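Student: Sharing a structure, written as structure tokens. Questions coming.
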Amino acid sequence: MVHRVAVIGAGPSGLASMKACLDEGMLPTCFESSDDMGGLWRFKEVSEPNRASIYRSLTINISKEMMCYSDFPIPADYPNYMHHSKILTYFRMYAEHFKLLQHIRFKTSVKNIKQRPDFSHSGEWEVVTESIDGQQESHVFDAVICCSGHYTYPHLPLKDFTGIETFEGKYFHSWDYKGPEDMSGKRVVVIGIGNSGSDIAVESSRVAEQVYMSTRRGTWIIRQVSDNGLPVDMQYNTRFVHILFQLLPIKVINWIGENKVNAMYDHSMYGLKPKHRLFSQIPVINDDLPFKILSGSVILKPNVKEIRGSTVVFDDGSTVEKVDTIVFSTGYNYDFPYMPSSAVYKSGHRVGLYKHVFPPKMEHPTLAVVGFIHALGAIMPQAEIQSRWVARVFKGHNKLPSNRAMMKAVDKDTKNIEKNYIVSKLTPLQVDFVSYMDDIAGEIGARPSLLWLFFTDYPLFQRVLWGPVTAYQYRLMGPGKWEGARRAIFTQFDRMFQPLKTRKVGVTSRFYRPFVKLVNCLMNPSFSLFRLFKKLPGLAVGVWPTLPVGPSPDVLV
């Protein structure tokens, strides 16, 4: 019977794992190599080896309601897109509320984990740790959860850039970037057009003489501020949209999505259009980059062919001279240096984990990986649902398939990923956010049943179907059910709107009124298509009076 659990890392995944263990009556001990919690979201002025690193201005590109843990909403007055300092404060509040701090051993790194001699019988692990002063200790645990993330080891492929040794300026990986101060008046080339590269290009362009951005395949860009000013994920990451994804051919979905993003700015005209379709790779989320391109502050270029001193030559033959700085935004390698090789199962480009969590070759299911995944959504709710499943497997409430069945499932999953997404050695982890969350929630009986809600709680059914897929939905039923989940769903738009109410206005914008009325119409228990079409003329001209979004929460809960 599993009781003592080692958790490696006190980032968002480690915090969720500790809480899940406590919820199931287990005793977690978390080993954190730094002097504080937060993982990626703990900013340091100087990057530390073997640790994730962020820059001073970083603001998350997932809105607060879509990134919080399922039973602990982010305060209503917090901004919808939070600076990293706010995110770290939220983690502290979460850790204090659920009494997690007493289970963390700071300044203690894990050197290796290995099976005990009697592993075949006990399933136990020996965990060797090292304190900041170099003192090593050996511990015995019934199970281990690895939460060390995948933004720790920067990928700097210098061998792919002919002539880099002749470069006369400064070059570094985005992992080392903290701010644009050193780029003032400089000519900068940013290689890579992911979220970090785009942020760095935008920010440095405010002080640099000129910024060039090199990309091999281009990218699709979506805005954080979507229609009617709503956060884009609150607007489109809904269960209804997810159902459409299941019903319509992917070519149709891509066509609709690409027309939508091109309506904001034509990706071909801006030189952004990639070779892949919209939903074949996670898009860049950035509101500022298109304007910087339009204003000439950032100039897009193709792949770098070679470097000649201070001159950068591109595949199309064009050159940029007198380059002072090159920023490699070229992604990350991933590794579990403390994990025994016997626990690693390779499948294609990735470490093969059953449902991205359990090594499929283990004799006992007492080793798990949480947070080692990539989707168009925050890691917090994904890691949390994974850790809830892990805790129940450790306790014996849930059983895993046979090793052979798990390896077969892993290989099938790898083929599906390679079929549906642009995959490389650096990006082997991509999944669909809602499908994956539903899959893992189904393992523990926490997936919301639309049919059940339709017959038992129609107002809630409407909000689960039409509203954003927030993590609260996975606390409505099953093990770990939270009594506050229903109210959290009914009030999620209230918390979204609250930080915007910093100035009273007399009349709601005429462009906002139709949206408010449409939401009210859809959420009304007596909603019908006939009533909706009857009201369309009013929606079109925006003449309906201002109303709150839905009835008062006190009435609904």
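The values are calculated or read from the model by the stated rules, or taken from the named source; none is laboratory data. Quick caveat, the model's predicted, so the values are computed rather than measured. Neighbour counts run over all protein chains shown; Cβ positions are idealised from the backbone, glycine included. Surface areas here come from the heavy atoms of the whole protein model, side chains and all, with no ligands, DNA or RNA. Shrake-Rupley method; radii C 1.70, N 1.55, O 1.52, S 1.80 Å.
Student: Modelled with pLDDT under 95, open to solvent by less than 30 Å² (accessible area, probe 1.4 Å), of a type in the set (A, V, I, L, M) and under 20 Å from the mean Cα position of the chain (by Cα): which single residue out of V434, V469 fits that description? Give the steps one after another, and end with the answer.
Tutor: Values: V469 fails: modelled with pLDDT under 95.
That would be V434, the only listed residue that is modelled with pLDDT under 95, open to solvent by less than 30 Å² (accessible area, probe 1.4 Å), of a type in the set (A, V, I, L, M) and under 20 Å from the mean Cα position of the chain (by Cα).
Student: Another one. State whether one or more residues within the stretch 94-105 are touching a Lys or Arg at 6+ places or on another chain (Cβ under 7 Å), in a helix (DSSP H, G or I) and either in contact (Cβ under 8 Å) with a residue 60 or more places away in the chain or open to solvent by 30 Å² or more (accessible area, probe 1.4 Å) (or both).
Tutor: no
Student: Return the pairs, sorted by first residue and then second, in which the second residue is open to solvent by 40 Å² or more (accessible area, probe 1.4 Å) and part of a loop (DSSP other than H, G, I, E, B), the first residue lies in the stretch 329-344 and is under 19 Å from L156 (Cα atoms), the beta carbons are less than 6 Å apart, and the residues are 6+ apart or on different chains.
Tutor: T330/H155; G331/H155; G331/L426; Y332/Y151; Y332/H155; N333/H155
Student: Shifting gears a bit: As an exercise: evaluate T89 against (1) of a type in the set (V, I, T); (2) open to solvent by 50 Å² or more (accessible area, probe 1.4 Å); (3) in a strand (DSSP E or B) and give the number of the one condition it does not meet.
Tutor: Evaluating T89 over (1) of a type in the set (V, I, T); (2) open to solvent by 50 Å² or more (accessible area, probe 1.4 Å); (3) in a strand (DSSP E or B) leaves (3) as the failure.
Student: Counting only residues that are aromatic (F, W, Y) and either touching a strand residue (DSSP E or B) at 6+ places or on another chain (Cβ under 6 Å) or open to solvent by 20 Å² or more (accessible area, probe 1.4 Å) (or both), which one in the stretch 106-145 is nearest to P365 (Cα to Cα)?
Tutor: Let us first name the residues in the stretch 106-145 that are aromatic (F, W, Y), namely 106, 119, 125, 141.
This time we only want the ones that are either touching a strand residue (DSSP E or B) at 6+ places or on another chain (Cβ under 6 Å) or open to solvent by 20 Å² or more (accessible area, probe 1.4 Å) (or both), so: 106, 125, 141.
Details: F106: 27, W125: 12, F141: 13 Å.
If we take residues in the stretch 106-145 being aromatic (F, W, Y) and either touching a strand residue (DSSP E or B) at 6+ places or on another chain (Cβ under 6 Å) or open to solvent by 20 Å² or more (accessible area, probe 1.4 Å) (or both), then W125 is nearest to P365 (Cα to Cα).
Student: Restricting the stretch 303-328 to residues that are of a type in the set (G, A, S) and either touching a residue at least 60 places away in the same chain (Cβ under 8 Å) or open to solvent by less than 10 Å² (accessible area, probe 1.4 Å) (or both), which is farthest from R206 (Cα to Cα)?
Tutor: As a first pass, look at the stretch 303-328 and keep what is of a type in the set (G, A, S): 309-310, 317-318.
Add one more test, that the residue is either touching a residue at least 60 places away in the same chain (Cβ under 8 Å) or open to solvent by less than 10 Å² (accessible area, probe 1.4 Å) (or both), and what stays is 309-310.
Working: G309: 25, S310: 22 Å.
The qualifying residue farthest from R206 (Cα to Cα) is G309.
Student: Going residue by residue through the stretch 362-374, is there one that turns out to be open to solvent by 10 Å² or more (accessible area, probe 1.4 Å), within 17 Å of H150 (Cβ to Cβ) and touching a residue at least 12 places away in the same chain (Cβ under 8 Å)?
Tutor: yes
Student: Further question: Tally time: how many residues in the stretch 271-302 are exposed (fewer than 14 other Cβ atoms within 10 Å of the Cβ), part of a loop (DSSP other than H, G, I, E, B) and on the phi < 0 side of the Ramachandran plot?
Tutor: Going through the stretch 271-302 one residue at a time, the tally reaches 2.
Student: Still on this structure, I have one more. So which residues in the stretch 246-265 are over 27 Å from N416 (Cα atoms), open to solvent by less than 70 Å² (accessible area, probe 1.4 Å) and either assigned to a loop (DSSP other than H, G, I, E, B) or of a type outside the set (S, T, N, Q) (or both)? Show your work before the answer.
Tutor: Initial filter on the stretch 246-265 (over 27 Å from N416 (Cα atoms)): 262-265.
Right, trim to open to solvent by less than 70 Å² (accessible area, probe 1.4 Å) and you get 262, 264-265.
Answer for the stretch 246-265, where residues must be over 27 Å from N416 (Cα atoms), open to solvent by less than 70 Å² (accessible area, probe 1.4 Å) and either assigned to a loop (DSSP other than H, G, I, E, B) or of a type outside the set (S, T, N, Q) (or both): M264, Y265.
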